[in-house]
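The values are calculated or read from the model by the stated rules, or taken from the named source; none is laboratory data. If you're wondering where the values come from, they're calculated on a predicted model, not measured in any experiment. In this analysis, Cβ positions are derived from the backbone assuming ideal geometry, glycine residues included, and neighbour counts consider all displayed protein chains. These area figures cover heavy atoms from the full protein model, side chains too; ligands, DNA and RNA do not enter into them. Shrake-Rupley method; radii C 1.70, N 1.55, O 1.52, S 1.80 Å.
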Amino acid sequence: MLIQAFLVEDLAVVRDNLVEAMEEMAPLKFVGHAATEDGALTWLDNHQGQWDLAIVDLNLAQGSGLGVLRVCMRRDPMQKVVVLTNDLHEAVGRQCRTLGADEVFDKSADVERLALYCQAQALQLSRLVGTTRSLF
């Protein structure tokens, strides 16, 4: 099962490299992206229920990934939100989790760990879909 992913990243080169690497390493397909907080909020509002995973950078061209996390607190329980940032330290991680982040990853060191997280989420979603189908 492919995870439908949404990426919030303002740097085009990082976004392009991440999309390419993650689609190669993990069972996911990016269905949208935004470079700003406002763009992310608009996309999320227009695509409720149409994504499984949001990957959010904290430093954006406009606004902050923290604002995106706040809005994502109202998501479906099966939708996951992770932070992928260069500014990872204990206080940031704690703040992100307080705002509902399921996981926090370091851009420079944790891309493989993010791919493993995506693999586990895809497996969990496929089990859920199989369970849901067997109920009907």
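Across the stretch 47-92, which residue is nearest to residue 114 (Cα to Cα) among those that are acidic (Asp, Glu) and open to solvent by 30 Å² or more (accessible area, probe 1.4 Å)? Give the derivation first.
We begin by selecting, within the stretch 47-92, every residue acidic (Asp, Glu); these are 52, 57, 76, 87, 90.
Checking the rest, the ones that are also open to solvent by 30 Å² or more (accessible area, probe 1.4 Å) come to 52, 76, 87, 90.
Working: 52: 14, 76: 21, 87: 16, 90: 18 Å.
So, considering only residues that are acidic (Asp, Glu) and open to solvent by 30 Å² or more (accessible area, probe 1.4 Å), the one nearest to residue 114 (Cα to Cα) is 52.
Given the structure, is residue 66 touching a residue at least 12 places away in the same chain (Cβ under 8 Å), within 15 Å of the chain's Cα centre (by Cα) and not in a strand (DSSP E or B)?
Details: touching a residue at least 12 places away in the same chain (Cβ under 8 Å): yes; within 15 Å of the chain's Cα centre (by Cα): yes; not in a strand (DSSP E or B): yes.
Yes; evaluated as a whole, the condition is true for this residue.
Does at least one position in the stretch 93-105 carry a residue that is at pLDDT below 95, open to solvent by less than 40 Å² (accessible area, probe 1.4 Å), of a type outside the set (Phe, Trp, Tyr) and in a helix (DSSP H, G or I)?
Yes, there is a match, as at least one residue in the stretch 93-105 is at pLDDT below 95, open to solvent by less than 40 Å² (accessible area, probe 1.4 Å), of a type outside the set (Phe, Trp, Tyr) and in a helix (DSSP H, G or I).
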